[in-house]
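In what follows, a single structure is set out as structure tokens and then discussed.
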Amino acid sequence: MEILYNHPLYRPPSEANSMIFQVTLGCSFNKCSFCNMYRTKEYSERSWEEIKKEIDFAAKTYPETQRIFLADGDALNLATDKLIQILEYTYTKFMNLKRVSCYAMPKNILQKKDDDLYKLRAAGLSMLYVGVETGNDILLKKVTKGARSTGIIESCQKAKRHGYVLSCMIILGLGGKTYTNEHIRDTARVVSEIAPDYLGALTLYLEDEIYNEFMTKFDEPFTPLDDIAVLEELEMLISNFNPVTPVIFRANHASNIYSFGGTLPNDKHKLFSLIRELKLHPEMLKPKVLRRF
Ligand code: SF4
């Protein structure tokens, strides 16, 4: 036997070495206009028998596994009892298991009762990846995120209160030229208020399949940012980001124009110098053909 993944399969860059089990397929929302990840899949939940078979196989083949990522787009949408069954079983099968994580939408977190989040955390779900995308409500509506900034803050704070390690993602360039200031001002405010453990910045990259949908839903002319303007957004974001506790920052996704990393606010000035250098030497940026979402 082998694990036959249902493609396309996505995971955050930091889960590159994790064992992946697809406990759901696709995304239960699947409407964000910038996201082409699961458009070819209809959301479904895999049966316990299928999941168990894969866990049993992986436990025999890779018994030393330390990290597990539960795919696809929002595994937290599963019923709490089923998720607990999966979590408890993985911890009995992988003796060295240290971390189980998954993607979660703000609404998945808000829909779970406090007691559910507590039980899931106790069963070993330790880390959640939440797509914030932007803190600006006009843009959240234009990109049909299905969330408002207050709900995003509330959901992330709820996850943190229950002891989850939280990784948030935002998207540079999401508002184009028209909304660049509002996008970064509100995003910096929202992620400062959340103060996640990790903050990841992606860069908008519209794949052909969703280009027209994005433009239609945007509902006004959209002018994409050039590389220098993306660097300026990043500079503004870092400059306005004031979390109460240090946050590990990364912009090392396939969509990014360069690979950035550091701890904020401590490494602010190091990152500013790098951004200044890149503005002067754009030839150091990742070639456009290597960028994707
Ligand atoms: S961004 Fe996340 S919530 Fe939105 S469609 Fe893509 S996977 Fe689903």
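Side notes on the structure shown:
- Selection count, the range 1-57, where residues are among the basic types (Lys, Arg) and within 16 Å of the ligand (Cβ to nearest atom): 4
- In the set Glu64, Glu2, Glu49, only one residue is at pLDDT below 95 and either touching a helix residue (DSSP H, G or I) at 6+ places or on another chain (Cβ under 6 Å) or farther than 30 Å from Phe222 by Cα (or both); that residue is Glu2.
- Residue match in the range 211-226 (condition: more than 21 Å from Lys145 (Cα to Cα), open to solvent by less than 60 Å² (accessible area, probe 1.4 Å) and in a helix (DSSP H, G or I)): no
- When the range 227-244 is filtered for residues that are open to solvent by less than 70 Å² (accessible area, probe 1.4 Å), among the charged types (D, E, K, R) and more than 21 Å from the chain's Cα centre (by Cα), only Asp227 remains.
- Which listed residue, of Asn96, Asn6, Asn30, Asn17, is on the phi > 0 side of the Ramachandran plot and surrounded by fewer than 19 Cβ atoms within 10 Å (Cβ to Cβ): Asn30
- Residues (within 14 Å of the ligand (Cβ to nearest atom) and in a strand (DSSP E or B)) located in the range 136-167: Ser167
- So Met95, is it over 23 Å from the mean Cα position of the chain (by Cα) and either at pLDDT below 95 or within 11 Å of the ligand (Cβ to nearest atom) (or both): no
- Scanning the range 118-151 for residues that are of a type in the set (A, V, I, L, M, F, W, C) and within 21 Å of Met169 (Cα to Cα) returns Leu125, Met127, Leu128, Val130, Val132, Ile138, Leu139, Leu140, Val143, Ala147.
- Residues that are polar (S, T, N, Q) number at least 2 in the following helices (runs of 4 or more DSSP H) confined to the range 1-116: 80-93, 106-111.
- Within the range 56-83, the residues that satisfy the criterion of being hydrophobic (A, V, I, L, M, F, W, C) and buried (at least 16 other Cβ atoms within 10 Å of the Cβ) are Ala58, Ala59, Ile68, Phe69, Leu70, Ala71, Ala75, Leu76, Leu78, Leu83.
- The residue that is farthest from the ligand (Cβ to nearest atom), counting only those in the range 58-92 that are of a type in the set (D, E, K, R) and in contact with a strand residue (DSSP E or B) (Cβ under 6 Å, 6 or more places away or on another chain), is Arg67.
- Residues satisfying the stated conditions in the range 168-200, i.e. in a strand (DSSP E or B) and open to solvent by 10 Å² or more (accessible area, probe 1.4 Å): Met169, Tyr198, Gly200
- Hits in the range 237-281 - residues which are closer than 23 Å to His183 by Cβ and assigned to a strand (DSSP E or B): Val247, Ile248, Phe249, Arg250, Ala251, Phe260, Gly261, Gly262, Leu264
- When the range 245-293 is limited to residues that are more than 23 Å from the chain's Cα centre (by Cα) and of a type in the set (Lys, Arg), the one that is surrounded by the most Cβ atoms within 10 Å (Cβ to Cβ) turns out to be Lys279.
The values are calculated or read from the model by the stated rules, or taken from the named source; none is laboratory data. Treat the numbers as computed from the prediction; the structure is a model and nothing was measured. Quick reminder, even Gly has a Cβ in these numbers, built from the backbone with ideal geometry, and neighbours come from all protein chains shown. Accessible surface is based on the protein model in full, side chains and every heavy atom, while ligands, DNA and RNA are left aside. Shrake-Rupley method; radii C 1.70, N 1.55, O 1.52, S 1.80 Å.
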